Amino acid sequence: MTPIRSVCLYCGSSMGRRPVFQQGAARFGSLLAERGIRLVYGGGHIGLMGVAADAALAGGGTVIGIIPKFLTELEAAHPRLSELVIVGSMHERKQRMFELADGFAILPGGLGTLDELIEMITWRQLGLHDKPIVLIDLDGYWRGLTDLIDKVVADGFAKPRIRDLFTVVPTVDDVLPALAAAPAARIAPAPGRV
């Protein structure tokens, strides 16, 4: 397993309705800074993503934001990052975030967060990577998704081992140990991949 030096965070560009979400985002950013782990995220200054970035920066951490040009105004690109990379599309954004990360952490978020999460799980299933993925189930936020994945398995659309593709933890403090201890995916590599 590759040491975790850089974590990609997927989370909401909104705050959500529960204070635990903001608290979790702030704690996550602080933890990464304390451990000297680089934060890679979507580059916005708003929502949970902005809270996490601000906390990491306040703790002296390194924060790299990746944002498509068209979102620099919609998501208010963060003005004080260690590095802000402006790309041409959402696809480039996701690819660049993937390339810079040793693992992925997912806080609550909306459709964009779901898109990023499902793509990384699918890539891992296909053998395109074996980087650990950890869902932070603050206040049971991800329970609906994990129930759906269980239904996908129960209805015969996937094998039970797809649950090995990600780990679910209840708190932010559990993320870094879970990233370090995540099992290999045990999914066959994609054709032509070693």
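If Lys and Arg each add +1 and Asp and Glu each add -1, what is the summed charge of the other residues whose beta carbon sits under 12 Å from the beta carbon of ARG143? Each step should come with its number before you reach the end.
On the way: positive: none; negative: ASP137, ASP139, ASP147, ASP150.
That works out to -4.
Scan the stretch 136-173 for chymotrypsin sites (Phe, Trp or Tyr not before Pro) in coil per DSSP, keeping those whose Cβ has at most 13 other Cβ atoms within 10 Å, and list them by number.
Numbers: sites: TYR141, TRP142, PHE157, PHE166; in loops: TYR141, TRP142, PHE157, PHE166.
Passing sites in the stretch 136-173 are PHE157.
Structural descriptor for the chain: relative contact order 22 percent, calculated from alpha carbon pairs under 8 angstrom and at least 6 residues apart. Here PHE70, PHE21 are placed in order of increasing Cβ neighbour count within 10 Å, fewest first, which gives PHE70, PHE21. By the beta-carbon count within 10 Å of each Cβ, the least crowded to most crowded order of VAL172, VAL7, VAL153, fewest first, is VAL153, VAL172, VAL7. Projecting the Cα atoms of ALA105, LEU126, PRO177 onto the charge dipole of the chain, computed from C-beta unit charges around the Cα centre, puts LEU126 farthest toward the positive end.
Using a 10 Å cut-off around each Cβ, can you sort ARG96, ARG17, ARG124 from fewest to most neighbouring Cβ atoms?
On the way: ARG96 17, ARG17 7, ARG124 22.
Least to most surrounded, the residues fall as ARG17, ARG96, ARG124.
Residues whose amide H lies under 5 Å from that of ILE133, counting only those 5 or more places away or on a different chain, are PHE104, THR167; hydrogens are built 1.01 Å from N in the peptide plane. Seen through its C-alpha gyration tensor, with square-root eigenvalues sorted a ≥ b ≥ c, the stretch 6-178 comes out prolate because a/c lies at 1.5 or above while a/b is bigger than b/c.
FYI, it's all coordinate maths here, none of it is from the lab. Note that this is a predicted model, so its numbers are computed, not measured. Reconstructed Cβ throughout: ideal geometry from the backbone, glycine too, with neighbour counts over all protein chains shown.
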